[in-house]
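Engineer: Here it is: the structure, laid out below.
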Amino acid sequence: MSSIQELFNKGKSLLRNCPQPSLETKLLIIKSASISEEEFYAFPETELSRGQEKLFYRLISRRLEGFPLAYLTGVKEFWSIPFRVFPGVLIPRPETELLVEKVIELISHEEKLIADIGTGAGNIAVSIAKEFPMARIIATDISQKALRAAQLNISLQKISRITFIRGSLFFPLKKPDLEGKFDFIVSNPPYVSEIEWEKLQKEIKNHEPKKALVAGKTGLEVIHNLIRGAIKYLKPEGYLCFEIGVKQREKVLSFFGPEWSKVECFDDLRGIPRVIIARKHLINEEKGSRLNI
Ligand SMILES: C[S@@+](CC[C@H](N)C(=O)[O-])C[C@H]1O[C@@H](n2cnc3c(N)ncnc32)[C@H](O)[C@@H]1O
């Protein structure tokens with residue numbers, strides 16, 4: 001039987017070609033031994049049981065085969081919250097935190113109605129709900145597996161004001177009492193093209209759900225429908241906030257018509273245009289009347 005320290009040294013060496021050998025080994029030891037991070041650091045001489053050690057080496061070999069770390073540990077941190085993830089559900093990405101940051105900057109402390117379209121593991125909805133417990137959120141997804149993960153995450157985070165509905169884009173919101181009622185529509189939609197998908201790294205292509213990432217031939221199909229559909233469900237001066245992919249800025253901005261009063265694009269930390277924030281007009285200028293009132 002080996003100690004935490006011995007397994008850590010062996011794991012780091014075995015995973016030397018992975019992006020973060022030390023961090024990944026630590027997380028796999030924590031998972032195999034069912035210990036906390038504090039216990040990992042406080043008791044390096046603790047020996048793992050035979051079963052735990054076997055599990056550790058099994059996880060290491062799956063990692064060496066290219067299985068994503070988050071699917072092996074079952075957890076991915078986002079907005080400093082641990083989210084449960086499993087195969088079939090997209091692993092939350094750090095760049096999506098910019099979308100959460102921008103939405104949070106815009107929300108005042110009042111009660112707001114928010115839709116999260118394509119909620120995945122529920123990371124955007126739960127992060128907003130944690131900051132604004134008074135917000136009411138309707139989170140949707142076409143994937144049953146994604147909604148199962150999202151439900152699990154809201155119950156682990158003890159959040160009650162999120163409703164989940166399965167369906168494509170705005171279909172789950174098709175109720176007369178929801179038209180023109182949303183303060184925010186947020187989304188990290190699929191935006192990868194079929195050609196880009198073929199070129200993605202194997203770790204993503206072989207393990208993460210294609211439907212969560214790919215949006216048709218150009219990659220812009222879902223975004224286009226999101227912009228077209230959102231106007232009906234937003235309040236006058238409501239916000240549509242969503243993530244875009246590399247080099248999509250100009251094309252996406254061209255999709256916005258005169259129903260929108262202001263459209264802005266924000267760069268991520270790498271300087272890549274990443275988040276679009278669009279505001280619906282207060283007045284329908286063509287007709288000179290208020291919209292949806
Ligand atoms: C890029 S993932 C984002 C997941 C999560 N919101 C996040 O930020 O990590 C896109 C999500 O949208 C869902 N999705 C794809 N097409 C959709 C559609 N037409 N309507 C609703 N959800 C869709 C996928 O199942 C997936 O969970």
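All of the numbers you see were taken from the coordinates with simple rules; none came from a lab. Given the structure is predicted, the values throughout are model-derived calculations rather than measurements. Every residue, glycine among them, receives a Cβ derived from its backbone with ideal geometry; neighbour counts consider all protein chains shown.
Engineer: Enter the angle in degrees (range 0 to 90, nearest 10) between the Cα long axis of helix 4-14 and the first principal axis of the Cα atoms of the chain, meaning the one along which they spread out most.
Structural biologist: 70
Engineer: If you don't mind, another one. Per the Kirkwood definition applied to all pairs of different Cα atoms, how many angstroms is the hydrodynamic radius of the range 216-256?
Structural biologist: With all distinct Cα pairs of the range 216-256 included, I get 11.1 Å.
Engineer: If I take the Cα coordinates of the chain and project them onto the principal axes, what are the three extents in Å, biggest first?
Structural biologist: Here the spans come out as 77, 41, 32 Å, largest first.
Engineer: Can you list residues whose amide H is under 5 Å from GLU237's amide H, if they're 5+ apart or on another chain and H is modeled 1.01 Å from N?
Structural biologist: LYS280, HIS281, LEU282
Engineer: Restricting to bridges with both residues inside the range 78-290, how much of the DSSP beta-bridge set is antiparallel, in percent to the nearest 5?
Structural biologist: 45
Engineer: Whole-Hz ³J(HN,Hα) for each residue in the range 268-273, computed from phi via Karplus 6.51 cos²θ - 1.76 cosθ + 1.60 with θ = phi - 60°, x for glycine and proline: what do you get?
Structural biologist: 7, 5, 8, x, 8, x
Engineer: If Lys and Arg each add +1 and Asp and Glu each add -1, what is the summed charge of the other residues whose beta carbon sits under 14 Å from the beta carbon of ALA146? Please report the intermediate quantities before stating the final value.
Structural biologist: Details: positive: LYS76, ARG84, LYS145, ARG148, ARG166, LYS210, LYS211; negative: ASP116, ASP141, GLU208.
Net local charge, ALA146 excluded: +4.
Engineer: Relative to the longest principal axis of the C-alpha atoms of the chain, give the angle of the C-alpha long axis of helix 221-233, reported between 0 and 90° and rounded to the nearest 10°.
Structural biologist: Roughly 50 degrees, rounded to the nearest 10.
Engineer: Of all DSSP beta bridges in the range 42-164, what percent run antiparallel (nearest 5)?
Structural biologist: Numbers: 4 of 12 bridges.
If we restrict to bridges inside the range 42-164, about 35 percent are antiparallel.
Engineer: How big is the range 1-83 on each of its three principal axes, counting only the C-alpha atoms and giving the largest first in Å?
Structural biologist: Cα spread of the range 1-83 along its principal axes, largest to smallest: 34, 27, 20 Å.
Engineer: Helix 21-33: angle to the longest alpha-carbon principal axis of the chain, degrees 0 to 90, nearest 10?
Structural biologist: 80
Engineer: Still on this structure: Would you pull out the residues with amide H under 5 Å of PHE78's amide H, same chain only if 5 or more places away, H placed 1.01 Å from N?
Structural biologist: Result for PHE78 returns PHE83.
Engineer: Seen from all sides and averaged, what is the projected area of the convex hull of the Cα atoms in the range 104-215, in nm²?
Structural biologist: Value for the range 104-215: 7.8 nm².
Engineer: Expected output is a single nm value to one decimal: the length gained when fully extending between CYS265 and ILE283, i.e. 0.36 nm times separation in residues minus the C-alpha distance. What is it?
Structural biologist: 4.2 nm
Engineer: Continuing with the same structure: Given the pairs LYS175/LYS211; LYS31/LYS145; LYS175/LYS205; LYS251/LYS280; LYS102/LYS210, which are separated by over 29 angstrom at their Cα positions?
Structural biologist: As for pairs spanning more than 29 Å Cα to Cα, those are LYS175/LYS205.
Engineer: Please compute, for the alpha-carbon atoms of the range 80-128, the extent along each of the three principal axes and give them in descending order in Å.
Structural biologist: Cα spread of the range 80-128 along its principal axes, largest to smallest: 36, 19, 16 Å.
Engineer: Kindly state, as a whole number, the per residue volume in cubic angstrom of the convex hull around the alpha carbon atoms of the range 99-157.
Structural biologist: Numbers: hull volume 4.0 nm³, N = 59.
Expressed per residue, the convex hull around the Cα atoms of the range 99-157 is 67 Å³.
Engineer: Using each residue's phi in the range 139-148, evaluate 6.51 cos²θ - 1.76 cosθ + 1.60 at θ = phi - 60° and report the 3J(HN,Hα) Karplus result to the nearest Hz, with x for Gly and Pro.
Structural biologist: 10, 10, 6, 7, 9, 5, 4, 4, 5, 5
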